[in-house]
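The values are calculated or read from the model by the stated rules, or taken from the named source; none is laboratory data. Values in this document were obtained by computation on a predicted structure and should not be read as measured data. Quick reminder, even Gly has a Cβ in these numbers, built from the backbone with ideal geometry, and neighbours come from all protein chains shown.
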Amino acid sequence: MMDLNALRQFLVVARLEHLSAAAEELRVAQPSLSRTIARLESELGTPLFDRAGRLRLNDAGRLFRGFVERSLGELDAGRRAVAESAGEGYGTVRLASETFLTLTGPLAAYKRAHPSVEVELHWAPADDMAGRLRAQEFDLCVASQPIHSEGLESVQLLDEPVGVATPLDHPLAGRTSVTIDELADQPFVTARKGHWQRRLLDRLFAARDRTPRIVCEGDESSAIADLISAGLGIGLVPSIARRSTTRAPLSWVDVDSPDCRRTLTLFWGADSHLSTAARLMRTTITSWDWVTSDPQEKRG
């Protein structure tokens, strides 16, 4: 019989395709993790990874991963359903997102309405969300870029233009709009690879056979704004950020490109058995007025 812990470790290795990184995330020794994967492959009678150069999930591994995700997801859903039926309140909801600054309003409203629910927040890149939803590691995910995968349901929350933030004394400050070509030689302060701002920036420049000039990569949105304000460069910012009352002093310029937009979407597994806590969270997020940042009546 296959060991459940080995299957969970396989999913992490399959997601990262890197033994050292997987061992670090799992907090196990790399040799031990290597032996676990080798035993699993021996039991299945076939390799799950190609090991020529970088570790890569092969066709058998991808096939097996889908079954493991569904199986472990069902087991975890069953465990949580039993706990909920035992009268332990609404339980726990696990929400993943690329950024939580956008979600502070609905999260605060949810905790006020349901103070006994434990909310687990997880940062995750959009590339990881589909598999982890199917494995029911997360109940809900909010992504700022499209996720193209079967087995998911979704609700679009917000579609908004993305502009450029500049220091107040920058030559572009005060402009009503700017083209991508005009931004070609500008220094950019942006998020690291995997974040939606960085993907959008790379995609806009690649469409014109250009590469953005990046002078700083970071993970903290507030720090990025402060660095831009300090004069280190310019950066892409969504319209919703312009309404922030705590933002750094910046100038905001529209980008003259129909592709310079962000689509905020809530995802969950199509076959997932969402707990009461997760269903309540889904209602709160989908009922939120993302334009005014206030609650509104439940949408039909």
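In the range 192-204 there is no residue that is at pLDDT below 90, of a type in the set (A, V, I, L, M, F, W, C) and more than 15 Å from L264 (Cβ to Cβ). When the range 142-162 is filtered for residues that are at pLDDT 90 or above and either β-branched (V, I, T) or under 21 Å from G78 (Cβ atoms) (or both), the ones remaining, listed by number, are V142, L152, E153, V155, V162. Residues of the range 144-179 that are surrounded by fewer than 17 Cβ atoms within 10 Å (Cβ to Cβ), part of a loop (DSSP other than H, G, I, E, B) and under 20 Å from the mean Cα position of the chain (by Cα): P146, I147, H148, S149, E150, G151. Looking only at residues in the range 185-239 that are of a type in the set (D, E, K, R) and assigned to a strand (DSSP E or B), the one that is farthest from A124 (Cα to Cα) is R213. If I filter the range 128-140 for residues that are touching a residue at least 12 places away in the same chain (Cβ under 8 Å) and farther than 18 Å from D271 by Cβ, do I get at least one hit? Yes, the range 128-140 contains a residue that is touching a residue at least 12 places away in the same chain (Cβ under 8 Å) and farther than 18 Å from D271 by Cβ.
Once the range 251-284 is narrowed to residues that are more than 30 Å from A184 (Cα to Cα) and β-branched (V, I, T), the residue that is surrounded by the most Cβ atoms within 10 Å (Cβ to Cβ) is T284. Of all residue pairs spaced 6 or more apart or on separate chains, those with beta-carbon atoms under 7 Å, a first member in the range 145-170 that is within 18 Å of W290 (Cβ to Cβ) and a second member that is of a type in the set (D, E, K, R) and in a strand (DSSP E or B) are D159/R261; E160/R261; E160/R262; P161/D254; P161/R261; V162/R261; V162/R262; G163/D254. Before we move on, is R213 without any contact (Cβ under 8 Å) to a residue 60 or more places away in the chain and either under 30 Å from L72 (Cβ atoms) or surrounded by fewer than 16 Cβ atoms within 10 Å (Cβ to Cβ) (or both)? In short, yes. Picking from residues in the range 33-69 that are in a helix (DSSP H, G or I) and polar (S, T, N, Q), the one that is surrounded by the fewest Cβ atoms within 10 Å (Cβ to Cβ) is S42. On the basis of being among the acidic types (D, E), over 20 Å from the mean Cα position of the chain (by Cα), surrounded by fewer than 22 Cβ atoms within 10 Å (Cβ to Cβ) and not in a strand (DSSP E or B), does E182 make the cut? So E182 passes the test. Out of D159, D202, D169, one residue alone is more than 19 Å from I234 (Cβ to Cβ) and out of contact with any Leu (no Cβ under 6 Å at 6 or more places or on another chain). It is D159.
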